[in-house]
1. Between the DSSP loop rule and a limit of at most 14 other Cβ atoms within 10 Å, which trypsin sites (Lys or Arg not before Pro) in region 48-116 are left?
2. Which value, in debye to the nearest 20, describes the size of the charge dipole of the chain about its Cα centre when Lys and Arg Cβ atoms bear +1, Asp and Glu Cβ atoms bear -1, and nothing else is charged?
3. Need one number: nm distance between label points at Ala142 and Tyr63, each 7 Å from Cα along Cα→Cβ, rounded to one decimal.
4. To the nearest 500 deg cm²/dmol, what mean residue ellipticity at 222 nm is calculated for the chain from DSSP H runs of n ≥ 4 alone, each contributing -39,500 (n - 2.57), summed and divided by the residues?
5. Estimate the FRET efficiency between Glu74 and Glu23 by the formula 1/(1 + (r/R0)^6), using the beta-carbon distance for r and 25 Å for R0, to the nearest 0.05.
6. Please report, ordered by residue number, every helix of the chain (full DSSP H runs) that is 20 Å or longer along its axis going by C-alpha atoms and whose mean Kyte-Doolittle hydropathy reaches -1.0.
7. Set the Förster radius R0 to 22 Å, insert the Cβ-Cβ distance between Thr132 and Asp174 as r into 1/(1 + (r/R0)^6), and round the FRET efficiency to 0.05.
8. Based on the alpha-carbon gyration tensor of region 2-180, what equivalent-ellipsoid semi-axes (square roots of 5 times the eigenvalues) come out, in whole Å, largest first?
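Each value in this text was obtained by applying a stated rule to the coordinates, not by laboratory testing. Everything numeric here is computed off the predicted structure, so don't read it as measured data. Here the Cβ positions follow ideal geometry from the backbone for every residue, glycine too, while neighbour counts run over all protein chains shown.
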Amino acid sequence: MKIIAVIGLPGSGKSELISYLIEKYHWPKVYFGDVTFDEMKRRELPINEKNERMVREELREKYGKLHYADKVIEKIESLRGSEYVIVESLYMWEEYLRFKEEFGDDFVTIAVYASPKTRYNRLMNREYRPLTEEESKSRDYAQIGNLSQGGPIAMADYLVVNEGTKEELVEKTDKVIKNINK
């Protein structure tokens, strides 16, 4: 089983790339955020940014930095019959190292890159939870500084530069998948 983690900063196009892979290949996806949502559901908390942040911070404080990685690995293990599994929202350097330790060469990362200007414009104009340029920049700094997100991106096996159209993203993604399948 190959584990393909799609990584990148907010607005880079991760969700577009993942949606395309799921639509074309029907591969299952495991989302890091589901760990938070599962806990919120268990506690019967309404889903909103405040509760998400509170639960996320509480879980990491109580169970440690690798709690999310370990929970996602459990979900991946339940998909053992699948040839490929997509992982969405791996952020931390420690999570990256844990996945490498667990899956070795069967763990592959695709970093999606877009310039800050492009990403901030996308985030400002998205339908779901739009962000101002200042909020986008603040989120970048937090994810790079607090979560060490730059490490996994720098160590990515493949890079997709997403500055253009959705069609160009699809074309670049297909080339990466062909390389992974070699």
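1. On the way: sites: Lys50, Arg53, Arg56, Arg60, Lys62, Lys65, Lys71, Lys75, Arg80, Arg98, Lys100; in loops: Lys65, Arg80.
The qualifying sites are Arg80.
2. On the way: 30 positive and 33 negative charges, 27 e Å.
Dipole about the Cα centre, nearest 20: 120 debye.
3. The answer from the label model is 2.1 nm.
4. Details: 9 runs with 103 residues, N = 182.
Result for the chain, helices only: -17500 deg cm²/dmol.
5. After rounding to 0.05, the efficiency reads 0.45.
6. On the way: long enough: 49-63 (21 Å, -2.25); 166-180 (21 Å, -0.84).
For the chain, where a helix must reach 20 Å along its axis and average at least -1.0, the hits are 166-180.
7. Values: r = 34 Å, r/R0 = 1.55.
FRET efficiency, Thr132 to Asp174: 0.05.
8. 23, 22, 16
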